[in-house]
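Undergrad: Would you mind keeping the following structure in view while I ask a few things?
The values are calculated or read from the model by the stated rules, or taken from the named source; none is laboratory data. What you see is a predicted model; the values in this text were computed from it and never measured. Because the Cβ atoms are built from the backbone with ideal geometry, glycine has one as well, and the counts that use them run over all protein chains shown. Surface areas here come from the heavy atoms of the whole protein model, side chains and all, with no ligands, DNA or RNA. Shrake-Rupley method; radii C 1.70, N 1.55, O 1.52, S 1.80 Å.
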Amino acid sequence: MSSNEQQPLLGSTRSNPDTGVSAWWASRSRDVLSLLTVLLLLGTGLGIWVYGTLPTSDPSAHPHEYALSTDNIRRHLTKLLEIAREHNNSRSVTTGHAASGSYVLSQLEKYGNCDSYKQRFVSPVWTVTQPPTLRVREPYRVDYIHETDFELMRYGGRSANITHARITVAARACAAKDIGDVSGRVVVVESTKGCSLFEAAFMLEQMGARAVVFVRAAQYKQPSRMRVRFVEWKEGDALMTIPVLSVTHSVGQVLAHASQVDIETHSQIDEVETFNILCVGRTGDPRNTIVVGAHLDSVRDGPGINDNGSGSSSILEIQLTLARIRFAPHNRLVFAWWGAEEDGLLGSRHFTHTMARNWTNKWTPHEPRIEWTDIALNLNFDMLASPNYIALVHNGTHAPHTTRTGSQRIQRVFENYFARHQYAYEVTDMRGGSDFLPFVQNGVPAGGVLTGAGEVKSIKERLVHGGLAHAALDTCYHRDCDTLLNINIEALQKMSRAAMYAVSTLASTVDLRGYLAGQPEF
């Protein structure tokens with residue numbers, strides 16, 4: 001799951017330096033909570049791992065759901081972890097994603113029932129090799145603390161060594177006429193109301209600034225790590241080359257009265273080719289295509305077995321299971337494994353925009369015939385096995401008005417599953433953060449289930465859903481400990497079966513468009 005950079009974000013959650021027991025707890029609490037979560041769930045999880053099943057209520061009434069093997073999903077996860085171990089413990093665009101894609105394709109070619117393709121596109125990959133430094137020289141010297149006082153924003157330029165640079169303070173930075181001459185200067189920006197961070201920073205770069213420093217509002221106690229890049233970046237779009245930093249409000253007040261500053265950064269931006277994998281069904285009505293998606297890549301800092309090996313392995317096994325039982329869909333199914341989700345939903349954006357907005361496409365030979373108007377809905381599965389999980393269903397009410405009714409009807413399908421099994425669940429927003437977003441933004445309803453990331457479980461939620469209160473739903477979210485030990489098998493079985501139920505139900509719906517428009521249920 002991609003951090004929700006498209007919304008106003010809180011900054012880094014790392015604690016400030018301290019001493020004694022409090023410092024130990026600040027540095028170790030996440031690891032301790034990870035261990036406690038594993039121990040708490042071990043009894044249930046180990047039993048399900050061994051026996052591979054939960055109590056069932058109606059296997060004869062819903063055979064597709066129970067045909068899905070959690071053991072097989074677990075085997076896919078094991079393979080993805082092996083791939084990560086062979087690629088510096090990561091399956092990111094520049095590490096193990098390509099090998100993960102090869103594994104998915106090999107499984108589809110051996111056991112699937114679809115025509116599989118790679119859809120290639122370019123992703124910008126930003127890498128930091130050393131921590132940045134920020135120092136005020138005049139009228140007094142102050143060395144600021146990285147991640148506490150300031151942060152190098154993501155995609156905030158390439159390496160630079162700036163010394164004795166003069167400062168210009170810009171109250172607003174959305175129009176050149178409001179700023180004046182900034183050539184050779186570091187520009188401290190107090191507000192970007194009326195434009196995006198990238199629009200402001202790129203304009204200042206074009207005006208000759210050497211670096212840009214954005215001051216956070218007073219209510220934020222930490223600097224921001226938001227991306228400074230076009231949200232819907234595509235090959236050929238501009239990227240920042242000068243450093244772009246974020247500072248806390250208090251640091252910004254000091255910089256506003258300083259005259260000289262030093263900034264040193266060690267970062268690079270590379271544009272690399274990557275891909276989506278598409279598995280286009282051979283049967284079913286192509287005019288009512290259902291796109292079933294999950295991102296295949298991980299962050300650079302970990303193997304991504306929950307995020308999102310759990311989702312991508314689940315939809316892989318769903319496709320293979322449907323092929324094995326010779327499922328005959330009324331509506332065509334297209335399974336998609338997105339690339340570069342962790343870099344800003346770039347794979348799903350590329351897929352949607354090549355059809356909805358005529359972006360340049362790069363198919364492998366014999367491209368599949370998918371028309372944008374043929375796509376009836378999208379199902380998205382991102383993080384299905386968080387160790388301290390809550391079963392979550394996307395709330396279609398939050399979708400744009402053009403897709404709201406359809407998204408609410410998709411939500412109802414998942415809610416039917418949880419109600420039938422008497423499983424506790426909650427609804428959660430669908431405003432951003434995963435690959436359903438490009439679909440709903442371009443007029444296609446969407447929905448899905450998930451089990452949570454870094455959100456902290458409340459006491460009330462613990463009473464309903466079990467697990468640990470005051471602990472993250474996934475304490476290994478975007479960390480190197482997101483391995484098989486981070487997988488809650490109970491959650492994986494519940495959520496993957498919810499996915500299978502929704503896929504098979506909607507694929508079998510005769511008047512799918514009518515149902516999505518609000519007509520009576522199946």
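Undergrad: Each residue of the range 262-273 in order: what ³J(HN,Hα) in whole Hz does its phi give by Karplus 6.51 cos²θ - 1.76 cosθ + 1.60, θ = phi - 60°, with x for Gly and Pro?
TA: 10, 9, 10, 10, 9, 8, 8, 10, 10, 9, 10, 7
Undergrad: While we're looking at this one, here's another question. Step through the residues of the range 429-438 one at a time and calculate ³J(HN,Hα) from phi using the Karplus curve (6.51 cos²θ - 1.76 cosθ + 1.60, θ = phi - 60°), rounding each to whole Hz and writing x for Gly and Pro.
TA: 5, 9, 8, x, x, 7, 7, 5, 4, x
Undergrad: Show me the helices of the chain, taken as full DSSP H stretches, that run 27 Å or more along their long axis by Cα and average 0.0 or above in Kyte-Doolittle hydropathy.
TA: Within the chain the helices that satisfy the rule are 20-51, 489-508.
Undergrad: What aspartates and glutamates could a cross-link reach from residue 460, if we take a straight Cα to Cα line under 13 Å and drop same-chain neighbours fewer than 8 places away?
TA: Result set, ordered by chain and number: 426.
Undergrad: Accessible area per residue of the chain at 1.4 Å probe, in Å²?
TA: Per residue, the chain has 41 Å² of solvent-accessible surface.
Undergrad: Just in the range 143-232: which trypsin sites (Lys or Arg not before Pro) are loop by DSSP and have at most 14 other Cβ atoms within 10 Å?
TA: Here the sparse-neighbourhood loop sites are 193, 221.
Undergrad: For residue 428, enumerate residues with amide H under 5 Å from its amide H, sequence gap 5+ or separate chain, H modeled in the peptide plane.
TA: It is 393, 394, 395, by chain and number.
Undergrad: May I ask you to evaluate 6.51 cos²θ - 1.76 cosθ + 1.60, the Karplus curve with θ = phi - 60°, for each residue of the range 330-338 and list the ³J(HN,Hα) values in order in whole Hz, giving x for glycine and proline?
TA: So the J values, rounded to whole Hz, are 6, 10, 5, 9, 10, 8, 9, 10, 7.
Undergrad: Give the Cα extents of the range 292-339 along the principal axes, in whole Å, largest first.
TA: 41, 16, 9
Undergrad: Next question. How large, in percent, is the carbon and sulfur part of the accessible surface of the range 192-297 at a probe radius of 1.4 Å?
TA: Its accessible area is 49 percent carbon and sulfur atoms.
Undergrad: Do any chymotrypsin sites (Phe, Trp or Tyr not before Pro) in the range 411-449 lie in a loop, going by DSSP, with at most 16 other beta-carbon atoms within 10 Å of their beta carbon, and if so which?
TA: Passing sites in the range 411-449 are 423.
Undergrad: A further question follows. Normalised by the number of residues in the chain, what is the relative contact order in percent for Cα pairs under 8 Å and 6+ residues apart?
TA: The normalised contact order for the chain reaches 20 percent.
Undergrad: On to the next question. Scan around residue 121 for amide H atoms under 5 Å from its own, H built in the peptide plane at 1.01 Å from N, and keep only partners 5 or more places away or cross-chain.
TA: So residue 121 has HN proximity to 274, 275, 276.
Undergrad: Rounded to the nearest 20 debye, what is the charge dipole size of the range 283-365 about its Cα centre when +1 sits on each Lys and Arg Cβ and -1 on each Asp and Glu Cβ?
TA: Result for the range 283-365 is approximately 500 debye, rounded to the nearest 20.
Undergrad: Moving on to the next point. Can you give the relative contact order of the range 234-386 as a percent, counting alpha carbon pairs under 8 Å and 6+ residues apart?
TA: 34
Undergrad: In addition: If the cut-off is 21 Å between C-alpha atoms, which lysines fall inside it for residue 457, apart from same-chain ones fewer than 8 positions away?
TA: 494
Undergrad: Check residue 285: other-chain or 5+ apart residues with amide H under 5 Å from its amide H, H built from backbone geometry?
TA: Distant-sequence amide H within range of residue 285: 331, 332.
Undergrad: Identify, among 63, 516, 398, the residue whose Cα sits farthest towards the positive end of the charge dipole of the chain, taking +1 on the Cβ of Lys and Arg and -1 on the Cβ of Asp and Glu, with the dipole about the Cα centre.
TA: The residue sitting farthest along the positive end of the dipole is 516.
Undergrad: Antiparallel as a % of all DSSP beta bridges within the chain, to the nearest 5?
TA: Here the share of antiparallel DSSP bridges comes out near 55 percent.
Undergrad: Moving to a separate point now. Percent of Cα-Cα pairs per 20 Å bin, from 0 to the last occupied bin, for the chain, please list those.
TA: The percentages, shortest bin first, are 22, 52, 23, 2.
Undergrad: Can you return the lysines within cross-link range of residue 234? Criterion is Cα-Cα under 16 Å, with same-chain partners fewer than 8 residues away left out.
TA: Excluding near neighbours in sequence, the set is 362.
Undergrad: Taking the Cα centre of the range 316-428 as origin, sum charge times position over the Cβ atoms of Lys and Arg (+1) and Asp and Glu (-1), and report the length of that vector in debye to the nearest 20.
TA: Here the range 316-428 has a charge dipole of around 420 debye.
Undergrad: About the Cα centre of the chain, what is the dipole size in debye to 20, counting +1 per Lys and Arg Cβ and -1 per Asp and Glu Cβ, all else neutral?
TA: 320
Undergrad: Here is a further query. Carbon and sulfur: what percent of the range 389-483's accessible surface (1.4 Å probe)?
TA: 49
Undergrad: GluC sites (Glu not before Pro), restricted to the range 292-395: which are DSSP loop and have at most 14 other Cβ atoms within 10 Å?
TA: 371
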